[in-house]
1. About its Cα centre, how strong a charge dipole does the range 108-150 have in debye, to the nearest 20, once Lys and Arg get +1 and Asp and Glu get -1 at the Cβ?
2. What number, in percent, do you get for the relative contact order of the range 241-353 if the mean sequence gap of Cα pairs under 8 Å and at least 6 apart is divided by its residue count?
3. Through the Karplus equation 6.51 cos²θ - 1.76 cosθ + 1.60, θ set to phi - 60°, convert the phi angles of the range 268-276 into ³J(HN,Hα) values in whole Hz; use x for Gly and Pro.
4. Rounded to the nearest 10 degrees, what's the angle between the helix 336-349 long axis and the longest principal axis of the chain, both from Cα atoms, 0 to 90?
5. Less than 12 Å Cβ to Cβ from VAL231, Lys/Arg counted +1 and Asp/Glu -1: what total charge do the surrounding residues give?
6. Report the local net charge at ASP108: Lys and Arg +1, Asp and Glu -1, summed over other residues whose C-beta lies under 10 Å from its C-beta.
7. Near the amide H of HIS65, under 5 Å away, which other amide H atoms are found, from residues 5 or more places off or on another chain, if H is placed in the peptide plane?
8. Given a Förster distance of 56 Å, report the FRET efficiency between GLU307 and THR2 from their Cβ-Cβ distance, rounded to the nearest 0.05.
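Every read-out reported here was derived from the displayed coordinates using simple, explicitly stated rules and does not represent laboratory data. Being a predicted model, the structure only gives us computed values, none of them experimental. Neighbour counts are summed over all protein chains in view; Cβ atoms, including those assigned to glycine, are modelled from backbone coordinates with ideal geometry.
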Amino acid sequence: MTDPVLLVTGSAGLIGSQAVRHFAGLGWQVHGIDNNMRADFFGPDGDTTWNLQRLQHDIPGYRHHVLDIRDRAAVLRAIEEVPADMIVHAAAQPSHDLAASRPFDDFDVNAGGTLNLLEATRRHRPEATFCFMSTNKVYGDAPNELPLVELETRWEYERPQDFGGIAEDFRIDRSKHSLFGASKVAADVMVQEYGRYFGMKTVCLRGGCLTGAAHSAAELHGFLAYLARCVVEGRPYRVFGYKGKQVRDNIDASDVCRFIERFHAAPRCGEVYNIGGGRGNSISMLEAIAKLEAIAGKRLSWEYVDENRAGDHICYISDLSKMKTDYPGWDITVPLDNILEDIVRVLRDRGVD
């Protein structure tokens with residue numbers, strides 16, 4: 001019996017590289033697709049070459065393909081040639097702000113690239129599991145309509161019924177998403193449709209703050225990892241709006257991959273899950289600054305910009321109850337403090353100090 005085969009897009013990025021490591025460790029044959037477009041989007045900070053080199057050094061059987069997912073013919077060939085049992089689609093243009101200045105690139109990568117992969121999978125690997133890394137930005141800024149209360153260091157949900165966070169039945173329209181959020185909505189709905197219409201085993205994972213030490217973070221994307229880099233390296237940092245009390249829930253990339261493993265073992269068609277750190281791994285900007293300063297032993301030089309980012313969330317916590325009900329063996333295993341310590345350690349190992 002041959003080993004199962006995984007194809008990962010965005011394989012030198014945060015989730016993609018963790019998927020490579022996770023499934024290679026389980027004995028899978030792993031193929032990755034990545035053309036380092038993150039460097040084009042974000043400059044040197046976004047360059048994933050260092051992470052690709054680590055994969056190629058650590059995983060001798062890893063097979064890398066330099067391919068642009070906007071290239072429909074190339075995607076069709078790749079899916080035809082790689083006998084994938086599962087496709088993890090983690091490639092994206094992930095920034096609110098960048099999408100506004102490069103709308104064609106944003107939509108062509110996020111929506112068009114996803115359609116290329118879905119149709120190639122339907123034609124050549126219809127039995128494969130298709131896991132799409134979506135985003136909580138598909139909800140736009142509608143979560144900001146929930147009543148909030150201002151505490152000393154964070155915003156918090158005011159009503160007891162909202163304490164667990166945002167569930168999958170929260171609306172995704174009639175709100176401001178940013179162009180990035182809108183392109184991810186298009187991809188998210190298409191992934192659902194290929195599952196429901198064609199009976200394919202597809203899932204949308206609507207990520208909160210996906211994070212970890214392998215993140216090539218930049219100011220425009222990668223909240224925790226970029227903040228940590230600024231603390232460690234002594235860079236100035238800007239906090240945009242909401243008094244620095246905006247809240248995010250953070251999940252380590254390894255916990256994301258553990259869920260993907262569970263889903264592949266018992267897949268569904270056209271499913272949707274919110275995946276984040278939940279309440280236990282939630283933190284505000286002010287709280288994150290204080291924690292990282294303590295871990296790194298350095299003070300951060302930061303300034304406050306009163307205008308928030310368009311479509312940004314004030315308080316977002318992922319409700320994980322549906323995931324835990326459908327896959328009772330899965331839970332968060334990496335607490336927030338461990339995530340922060342690991343990011344700082346790897347930054348220093350890379351010589352970012």
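1. Details: 4 positive and 6 negative charges, 78 e Å.
Its charge dipole is roughly 380 debye.
2. Details: 118 pairs, mean separation 48.2, N = 113.
Relative contact order comes out at 43 percent.
3. Going residue by residue, I get 10, 9, x, 8, 9, 9, 7, 10, x Hz, with x marking Gly and Pro.
4. 80
5. Details: positive: ARG229, ARG235, LYS291, LYS298, ARG299, ARG348; negative: GLU233, GLU293, ASP353.
Summing Lys and Arg as +1 and Asp and Glu as -1 gives +3.
6. On the way: positive: ARG70, ARG102; negative: ASP68, ASP105, ASP106.
Once positives and negatives cancel, what remains is -1.
7. GLY32, ILE33, ASP34
8. Values: r = 55 Å, r/R0 = 0.98.
Approximately 0.55, to the nearest 0.05.
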